[in-house]
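> Would you mind keeping the following structure in view while I ask a few things?
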Amino acid sequence: MFADKDISKFNNIETPFYYYDTDLLQKTLSTCAEAAKPYQFHIHYALKANFNSVLLEQIKQIGFGADCVSAGEVRRAVEVGFDNKKIVFAGVGKSDKEINEALDLDIFCFNVESIQELEVLNELAAAKGKTAQVAIRINPNVDAHTHHNITTGLDENKFGINSWDLQECAETLKASANLKFIGIHFHIGSQITNLDVYKNLCVRVNEFCSWFEDKGFVVKVLNVGGGLGIDYYNPDSQIPDFKSYFKIFKDFLEVKSNQEVHFELGRALVGQSASLITRALYIKNGKKKNFVVLDAGMTELMRPALYQAYHKIENLSRGNGTEVKYDIVGPICESTDCFGKEVEQPESFRGDVFAIRSAGAYGEVMASKYNLRDAIRSVYSNEI
Ligand code: LLP
C-alpha cells in the first residue's frame, strides 16, 4: 500500500487518523465485481465493517447492494443513494422502531432471525398495509474455524433459527398474510481463511433449500452471507482471492434457474484499504520490557484488545536499523490497550510515525469515546 504513496506527507498531518487508500479500494471492488460477474452473483456490502460515507459512495458506484444491521445503517445506505431494492436488513434484535423504519423505506428483504421476529414483522407490516419480503436466517451449525468471538453459525450462537425450529417457522410463514417468503440466509462467521468451510456451508444450504421446497415454498434467494478473510500478515498482498471464493459456491451450491445467489461481504472489500496512522508519544525502556506509547489506542482500533487480533505494525519513520522488541501500546488506562507484544521494530523515537495496517474493516466503526477521547479523523489518499 505504501510503496506507491508519498508517506512523507503524513508528517504534516495531525495524528491519529485513519488513512484510506481510495485507489486500492477501487481495485478491490472491481476485482470482486469482475469475479462475481460470470455467475451473476449479487453482492451486498456489509456496512457494519465500515459505514464511512466516502467509502460507501465508491461501493454504491460499483453497483453493490447494502447489508445493514440497524435502522441507522439502512438510513445511511439510503442517504448515500444505495437502491432500496438492494438493501437487506439482518440482526438478531431488530426493534419495532427499526422494523417500521425499514418497512417505510421499502427495502428488498428482512433476514429474520427468530419465529417471534416473524410474528412482530407480520403485525407491523399489516398495520401499514404492506407486505414484507423475508429470508429466513438459518443457523446451519457449520464451524467457520475462525476466532470463537466471531463465529456465528454454531448451535451455541445466538444467530438465526435452529433447524429444529424450522417446522414451526414454516407454519408461521404460512399463517402470516403480510410476509412474503423469498429465501434463506446464512452467515457462519468472519475472517474465514480456510475456504473449505464454505464447501460445508454449501452442502447445508442445499439441504435447507430442499427442505423448504418440499414444504411448498419457492426459494428464490440463497443468501450465503459474508466472512471472507484477509491476510493481516501480508497487508501488501492487498486483494483477497475473490475468484477462488466465488468458484466454491459455483461448484458446490445447487442453484436452479429461478434462483439468485446473494453475498454479504464486509471485511474482504474494505479491510486492506486503510491504516491507522499514529505517532510515538513516548519510548519507555524498562527492565523487562520496552514500550512504544502511541497517540492511538484501543479507542481508535479495538480489535487487538477485543480479540487479540493481529495487525501488522510498521514504523514509517525509520529504515532498517537495530531491531528492538517493543510492546506497542496506546494511551488508554487499560492494560489490554496494546497493539502488539514483543514486536520487533527498528529502534524507535518520540515523534516516529507508525502505521497499523489492514484497519479498514471494523476499525473506525468500532472506535469509542472511552476516556473522553477526541473523535478519530479520516484522511483519503486522493486528497493529500
Ligand atoms: N452478514 C452478517 C449477517 C454478519 O453478521 C456479518 C458480520 C457480515 C455479513 C460481514 O462479515 P465479513 O464479510 O465482514 O466477515 N468485529 C469483528 C467482526 C464482526 C463480524 C460481524 N458480522 C472483527 O473485528 O473481526
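Just so you know, all these numbers are worked out from the coordinates, no wet-lab data involved. Since the structure is predicted, the reported quantities are computational estimates derived from the model, not experimental observations. Positions of Cβ are backbone-derived with ideal geometry, glycine not excepted, and every protein chain shown enters the neighbour counts.
> Find, to one decimal place in angstroms, the Kirkwood hydrodynamic radius of region 80-119, where the mean of 1/r is taken over every pair of different Cα atoms and then inverted.
Working: mean 1/r = 0.0941 Å⁻¹.
When all Cα pairs of region 80-119 are included, the Kirkwood radius is 10.6 Å.
> Volume per residue, Å³, of the convex hull around the alpha-carbon atoms of region 237-372? Intermediate results must be reported in sequence, preceding the final value.
Working: hull volume 18.5 nm³, N = 136.
Spread over its residues, the Cα hull of region 237-372 gives 136 Å³ apiece.
> Moving on. Extent of region 1-83 along each principal axis, from alpha carbon coordinates, in Å, largest to smallest?
Sorted largest first, the three principal extents are 43, 32, 17 Å.
> In addition: Given the pairs 48/128; 287/312; 37/247, which span a C-alpha to C-alpha distance of over 19 angstrom in this model? The partial results should precede the final answer.
Working: 48/128 28 Å; 287/312 25 Å; 37/247 11 Å.
Over 19 Å Cα-Cα: 48/128; 287/312.
> Apply 1/(1 + (r/R0)^6) to the Cβ-Cβ distance of residue 203 and residue 307, taking R0 = 30 Å, and write down the FRET efficiency to the nearest 0.05. Don't jump to the answer; show the numbers that get you there.
Working: r = 28 Å, r/R0 = 0.94.
So, using R0 = 30 Å, E works out to roughly 0.60.
> Would you work out the relative contact order for region 272-383, in percent, from Cα pairs under 8 angstrom that are 6 or more residues apart?
Numbers: 238 pairs, mean separation 40.1, N = 112.
Worked out over region 272-383, it gives 36 percent.
> Given an 8 Å cut-off on Cα distances and at least 6 residues of separation, report the relative contact order of the chain as a percent. Don't jump to the answer; show the numbers that get you there.
Numbers: 821 pairs, mean separation 75.8, N = 384.
So the answer I get is 20 percent.
> Given the alpha-carbon gyration tensor of region 101-205, what are the semi-axes of its equivalent ellipsoid in whole angstrom, ordered largest first, with each equal to the square root of 5 times an eigenvalue? Spell out each step's value before the answer.
Values: eigenvalues 161, 40, 25 Å².
Working through the eigenvalues yields semi-axes of 28, 14, 11 Å.
> What percentages make up the Cα-Cα pair-distance distribution of region 180-222 when the bins are 5 Å wide from 0?
5, 20, 29, 18, 14, 9, 4, 0
> I'd like the orientation of helix 71-80 relative to the chain: the angle between its Cα long axis and the longest Cα principal axis, in ° from 0 to 90, rounded to 10.
In the chain, helix 71-80 runs at an angle near 80 degrees to the longest axis.
> Using only Cα atoms and rounding to the nearest 10 degrees, what angle (0 to 90) does helix 196-214 make with the longest principal axis of the chain?
Tilt relative to the chain: about 20 degrees.
> Can you give the Kirkwood hydrodynamic radius for region 186-278, in Å, rounded to one decimal and based on Cα pairs?
Values: mean 1/r = 0.0687 Å⁻¹.
One over the average 1/r among Cα pairs gives 14.6 Å for region 186-278.
> Taking N as the number of residues in region 85-144, what is its Cα Rg relative to 2.2 N^0.38 Å?
1.13
> Using a simple charge model, +1 on the beta-carbon of Lys and Arg, -1 on the beta-carbon of Asp and Glu, nothing else, what dipole does region 258-330 show about its Cα centre, in debye to the nearest 20? If you can, show how the numbers build up before the last one.
Values: 10 positive and 7 negative charges, 122 e Å.
The calculated dipole for region 258-330 is roughly 580 debye.
> So for region 35-124, what are the equivalent ellipsoid semi-axes in whole Å, largest first, each being the square root of 5 times an eigenvalue of the Cα gyration tensor?
Values: eigenvalues 111, 43, 23 Å².
The three semi-axes for region 35-124 are 24, 15, 11 Å.
> Right, another one. Based on a Kirkwood Rh over C-alpha pairs, give the Stokes-Einstein translational diffusion coefficient of region 23-271 at 25 °C and viscosity 0.890 mPa s in µm²/s. Display every interim value, and only then the final one.
Details: Rh = 18.1 Å.
Stokes-Einstein gives a translational diffusion coefficient of 135 µm²/s.
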